[in-house]
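The values are calculated or read from the model by the stated rules, or taken from the named source; none is laboratory data. Everything numeric here is computed off the predicted structure, so don't read it as measured data. Positions of Cβ are backbone-derived with ideal geometry, glycine not excepted, and every protein chain shown enters the neighbour counts. Ligands, DNA and RNA are stripped out before the accessible areas are found, and what is left, the full protein with its side chains, is counted by its heavy atoms. Shrake-Rupley method; radii C 1.70, N 1.55, O 1.52, S 1.80 Å.
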Amino acid sequence: MAFECQESTDISKNLANYSESNHSSYNSAPENLETSKPSLDFNPKKGISSFCGSKQLPPNDVFTNARRSITDLPPALVSEILNCLDPKELGIISCVSTILHNIASEHHVWKEFYCERWGLPVASGLLGAGASDEKSWKKLFVERDFRSKTFLGRCSIDVLYGHTEAVRTVFLLASAKLIFTAGYDSVVRMWDMEEGLSIASSRPLGCTIRAVAADTKLLVAGGTDGFIHCWKAVESLKHLFDLKGVEKQNKEFRLWEHEGPITSLALDLTRIYGGSWDMTVRVWDRSSLKCTQVLRHGDWVWSLVPHDTTVVSTSGSDVFLWETNTGTLLNVIHNAHVGNTYALARSRTGDFLFTGGEDGAIHMFEIISGSDESSVVQVATWIPHSGAVYSLAFEFPWLVSASSDGKLALIDVRKLLRASKRTLGKRVSRDNDIDQRNIEPPQRMLHGFGCNLFSVGIGADRIVCGGEEGVVRIWNFSEALEIEQRARALRGIRLESRMRRRRLQIEMNNKGGRTDQCSVAAKKKTVNGDRNSVWHSKRSISSKVKT
């Protein structure tokens, strides 16, 4: 980055005054000055460049003023430079000096790093009154980044019983610590995430429920009857939704626009999205509850995932990228999988898309938004399953897949991402083409089901899955961090005791001195002498016997 130092004009003035005042001295003793040729590393456009041809060094005060560092730059420029770094590089910068440590630790970009990976913290009370202190965001980021590694640690498995038939869909609402499940028994059930207990269940809705979505204000469920059943949140309830309709009757309503079974649902702040076997994706406005867009496809719609003003949907084996406001088709990925493309997942920034299909493969794509159109580039492919992939879920950096082979695959995509200026992992490294052989396989496989896992969710150190068995399983990794911390503490104690024993041994050796070493050496020599004399005596006796 090219810039001009603020003090370069002052330096040039000092150098000019110095050269004028000492011009006569240069002419009087040229032979003593020809050998000295200064070379300055810092060359701003003004000041120093005019002095590079001179043959005498400037005074020390002028020369030292030319040596600048990054801390001498304007704060706005330093902030812009640090804004170009990723979290790892920013942490390295903070280890250089105390000044850079304070600058890097207090930088506002830590909040952006956190929100772009995981969104706003679930517990707003973590920041409390010190929300304006940016150092708290760095602490939150480091803790959450460390906690994301717990999915490789130990876990406990909880099994939730309540459904009488297969579970088709699960949804994990981590902010409210709730789990919603539904399936062939036409009942939507709400569970407590931490206790694993059933909180409430809806009345039978008269059809198979294939899709559920929720936030803290609205719960929606769609089934084979083509209706979207909706429940508004009740502020007085601890668990938000009154599924039985005991509190207030006007909190439950239905939306009807689809002409076929509903296969997928999604929510954002202003819209409700629904995909159906009637080969359409329909968009409703949450305030007016009116359908605003109809996106038509050429085959059954299996899945959809929105982000900001775009929505991605799957129809048959193809993947479609739409602009939500105008209904414009931005891009199409033809034949993404061999057979139907069943599952979709998307990063929080919306730049990366994951697809799962009937061929058991998982593809990763990057969506590059341009001024005129959006392009889609394939980044990686995994084939961890022997059956169809029915569901995908993503929480940085973990991608989880559920398959008909009864297995869950955990894939860490951190290494496939590269940090850019304002977005974590916003661009894929294109310095060299990504070799499929260098892509790591899934870091972990979870077993325990018979077959046909239909839906999976991830969040709050937990993985939730439902399948044909009619039960809901929860892999709880919340204690993995504590177990790892205890293991590290034990390793530290062992290392400390080992170092203490080593120091004591060194002290005892120093106290003994050379006298002990000499006495030991003398004893060794005497022993060797005795052995030699005995050997000679035995030899003489044997010779006498022979004679």
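Points to keep in mind about this one:
- Summary of packing: across the peptides 443-455, 286-298, 334-346, the per-residue average of other C-beta atoms within 10 Å ranks them, highest first, as 334-346, 443-455, 286-298.
- To the nearest 10, the accessible area of GLU373 is 130 Å² with a 1.4 Å probe.
- Highest to lowest packing among 403-409, 201-207, scored as the average C-beta count within 10 Å: 403-409, 201-207
- The protection proxy used here, the mean number of other Cβ atoms lying within 10 Å of each residue, ranks peptides 165-175, 377-387, 92-102 as follows, highest first: 165-175, 377-387, 92-102.
- Surface accessible to a 1.4 Å probe, ASP145 within the full protein complex, Å²: 30
- Probe 1.4 Å, protein heavy atoms only - accessible area per residue of segment 194-313 in square angstrom: 47
- Given LYS139/LYS217; LYS139/LYS415; LYS111/LYS238; LYS88/LYS177; LYS149/LYS177; LYS177/LYS407, the pairs whose alpha carbons are separated by over 27 Å: LYS139/LYS217; LYS111/LYS238; LYS88/LYS177
- Based on the Stokes-Einstein relation at 20 °C and a viscosity of 1.002 mPa s, and on the Kirkwood radius from alpha carbon pairs, segment 268-353 is assigned a translational diffusion coefficient of 165 µm²/s.
- Sorted largest first, the principal axis extents computed over the alpha-carbon atoms of segment 210-273 equal 35, 23, 17 Å.
- Area of ASP299 that stays accessible when all protein chains are in place (1.4 Å probe, Å², to 10): 70
- Once the Cα-Cα distance is subtracted from the 0.36 nm per residue extended length, the LYS139 to ASP215 segment shows a gain of 24.7 nm.
- Counting Lys and Arg as +1 and Asp and Glu as -1 over every other residue whose Cβ lies under 15 Å from the Cβ of SER404, the net charge comes to -3.
- Cα pair count fraction exceeding 16 Å, expressed as % - segment 465-517: 69
- Percent of alpha-carbon pairs separated by more than 13 Å within segment 288-337: 58
- Overall Cα dimensions of segment 338-415 - principal axes, largest extent first, Å: 43, 26, 16
- Residue order for LYS238, LYS149, LYS217 - accessible surface, 1.4 angstrom probe, largest first: LYS238, LYS217, LYS149
- Along each principal axis, taking the top coordinate minus the bottom one, the Cα set of segment 445-488 gives 40, 18, 15 Å in descending order.
- With only the Cα atoms considered, segment 144-203 has a convex hull volume of 104 Å³ per residue.
- For segment 282-292, 3J(HN,Hα) per residue [Karplus equation, 6.51 cos²θ - 1.76 cosθ + 1.60, θ = phi - 60°, Hz, x = Gly/Pro]: 10, 10, 10, 7, 5, 7, 8, 6, 10, 6, 9
- Electrostatic dipole magnitude of segment 139-180 [Cβ: Lys, Arg +1; Asp, Glu -1; Cα centre; debye, to 20]: 220
- Stokes-Einstein D (µm²/s) once Rh is taken as the Kirkwood radius of segment 227-322 over alpha-carbon pairs, at 25 °C in 0.890 mPa s: 171
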